[in-house]
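The values are calculated or read from the model by the stated rules, or taken from the named source; none is laboratory data. These numbers were taken from a predicted model, which means no experiment stands behind them. Please note: Cβ atoms are built from the backbone with ideal geometry, for glycine as well, and neighbour counts cover all protein chains shown.
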């Protein structure tokens with residue numbers, strides 16, 4: 001099979017897994033980061049900090065193996081290999097459900113491990129924004145605290161997330177090598193490992209080149225996003 005067709009088939013699987021992982025990451029990280037920053041030094045904030053330490057410290061392959069052993073083998077709630085059930089006709093609703101079922105556990109695993117940076121960035125930005133003059137001015141004018149957070153603090157705190165969005169999405173498209181390999185998910189990360197073990201240098205070189213291009217595109221995408229969300233920045 002030509003290299004481009006082999007990578008193309010795996011890239012589709014990685015794309016869907018990346019989109020689900022990114023969605024779960026932001027659904028978990030944004031609320032935790034915002035509330036942790038708003039109520040810093042509270043019991044909730046301390047719990048989030050402990051969660052951050054644990055998720056940052058635990059190795060990816062260890063965490064993935066634990067979830068696979070518990071939810072895949074012990075309870076049998078999720079498939080342990082593959083990206084779709086064998087024998088299901090492509091394009092049917094059952095096919096979509098099967099793909100989603102195979103993606104849930106790898107996506108949850110990757111999302112939990114990727115929330116650490118986003119939570120910490122948001123927490124720090126919210127804490128810093130609370131001390132800014134424009135917040136103090138709004139409060140002195142009698143603006144309700146919830147409106148101050150929703151219209152001023154939260155919007156400014158999301159700027160770092162927008163700045164790193166391009167790197168995040170292209171990093172996911174590059175393939176979570178450990179996640180895809182441990183869950184035997186047929187994506188580009190798993191293909192990269194298999195090409196190394198089988199000494200398939202054509203596939204290996206193509207993937208390294210692709211990952212490099214994705215990194216450059218991520219940098220460009222981040223710059224473009226920043227010009228959209230931050231009026232102080234312009235591309236000339």
Search result, residues across segment 118-139 that are assigned to a helix (DSSP H, G or I) and surrounded by 17 or more Cβ atoms within 10 Å (Cβ to Cβ): 118, 119, 120, 121, 122, 123, 125, 126, 127, 129, 135, 138
For residue 211, are the conditions met, namely being without any contact (Cβ under 8 Å) to a residue 40 or more places away in the chain and surrounded by fewer than 20 Cβ atoms within 10 Å (Cβ to Cβ)? yes
Can residue 55 be described as surrounded by fewer than 13 Cβ atoms within 10 Å (Cβ to Cβ) and either within 17 Å of the chain's Cα centre (by Cα) or over 30 Å from residue 9 (Cα atoms) (or both)? no
Scan of segment 1-19 for residues that are without any contact (Cβ under 8 Å) to a residue 12 or more places away in the chain and either buried (at least 20 other Cβ atoms within 10 Å of the Cβ) or in a loop (DSSP other than H, G, I, E, B) (or both), ordered by number: 1, 2
Among the residues that make up segment 155-169, is at least one of them modelled with pLDDT under 80, within 24 Å of residue 29 (Cα to Cα), assigned to a loop (DSSP other than H, G, I, E, B) and touching a helix residue (DSSP H, G or I) at 6+ places or on another chain (Cβ under 7 Å)? no
Say whether the condition of being under 17 Å from the mean Cα position of the chain (by Cα) and part of a helix (DSSP H, G or I) is met by at least one residue in segment 63-82. yes
If you go through segment 79-87 one residue at a time, do you hit one that is surrounded by 12 or more Cβ atoms within 10 Å (Cβ to Cβ), in contact with a helix residue (DSSP H, G or I) (Cβ under 8 Å, 6 or more places away or on another chain) and at pLDDT 80 or above? yes
Return yes when residue 115 is buried (at least 20 other Cβ atoms within 10 Å of the Cβ) and closer than 30 Å to residue 201 by Cα and no when it is not. no
Select from segment 140-152 the residues that are surrounded by 14 or more Cβ atoms within 10 Å (Cβ to Cβ) and in a helix (DSSP H, G or I) and list them in ascending order. 148, 149, 152
Selection over segment 20-50 where residues are surrounded by 13 or more Cβ atoms within 10 Å (Cβ to Cβ), in a helix (DSSP H, G or I) and free of Cβ contacts under 8 Å to residues at least 60 places away in the same chain yields a count of 3
